[in-house]
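Structure first, commentary second.
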């Protein structure tokens, strides 16, 4: 049995789709999966034991990436095609069954929207994988020792990127004397080319307490490393969803994106924003989606620090 699973181009949406993929694998243990997705999240799917092939889809002009995918999969008789991008390709290949996600603006979490493609009325929480070698790399980066505070100060759009100096201030409060993670190590996460954004955050702790995961590890290693952390605080980004999938307490910082759709999912997750709602920000007369200026300046350091402490204590993780 062969199943073609067409997932997202961006990391966050791809992470959210992994629970649906895992559900399919549990329902069809004999199946072998081919996953098509964007190049950035492709590494997420390779460690899954039931995934036979991953096809990255770098965007090309005039939808050329869809023609590339069609050439790669048209010669196979698929038992099922699950298309989370609602493309026409699903109808241009041989398939016993087609499940194609339809667009919806219903105010519900993206996981519930994804589940509807299989007729489910419950979400399938994200599930990620790492190979033994990737777990070993995470052990090398974060050997046993003091707890680790993880921060994700980057995002795919400047409007969603809380200032790095504020992340540093929060880290200083949480890891300094009297903080909930006093003396903790600091792991900073980000993608390739984001080192300049993340660099100021490291100043919160001495060199010997720093773990640099900015553009230096692939996504499954980042996932394995996050599992070894005590708490994650980050912007609305793919890494936020990776952190939530790792099972650690995850605090997502929101501004010009709606947490009702994209908040981190799980019992150990929370979100925080400034006094303005998503609508206040993005429906304002001067809103410009092309601008890279931060739209989260009304979210102050104290509010984020308090939210992190509250998350930590509400989940029974504070030994004090």
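Laboratory data are not the source of any read-out in this text; all were calculated from the coordinates shown. Because the structure is a prediction, the values reported are computed rather than measured. Because the Cβ atoms are built from the backbone with ideal geometry, glycine has one as well, and the counts that use them run over all protein chains shown.
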| task | For the chain, calculate the relative contact order in percent as a whole number, restricting contacts to Cα pairs under 8 Å that are 6 or more residues apart. | result | 16 percent
| request: Apply 1/(1 + (r/R0)^6) to the Cβ-Cβ distance of residue 136 and residue 199, taking R0 = 22 Å, and write down the FRET efficiency to the nearest 0.05. | output: 0.20
| query | Roughly speaking, what is the centre-to-centre gap between segment 135-182 and segment 44-114 when only Cα atoms are used, to the nearest Å? | reply | 35 Å
| message | I need 57, 240, 296, 1 ordered by Cβ neighbour count within 10 Å, fewest first. | response | 1, 57, 296, 240
| Column: log10 I(q)/I(0), Debye, Cα scatterers of segment 2-118, q = 0.17 Å⁻¹ | -0.80
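Starting from 0.36 nm per residue, how many nanometres of slack lie between residue 68 and residue 303 once their C-alpha separation is accounted for?
79.9 nm
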| note | From fewest to most C-beta neighbours within 10 Å, the residues 6, 211 line up as 211, 6
| Which order do 160, 102, 59, 315 fall in if you start with the one that has the fewest other Cβ atoms within 10 Å? | 102, 59, 315, 160
| remark: With a Förster distance of 45 angstrom and the Cβ-Cβ distance between residue 216 and residue 28, calculated FRET efficiency to the nearest 0.05 equals 0.80
| query | In terms of the ratio Rg/(2.2 N^0.38 Å) built on C-alpha atoms, what value belongs to the chain? | reply | 1.02
| note | Taking only the alpha-carbon positions of segment 133-314 as identical scatterers, the Debye log10 I(q)/I(0) at q = 0.10, 0.14, 0.15, 0.19 Å⁻¹ comes out as -0.35, -0.69, -0.80, -1.30
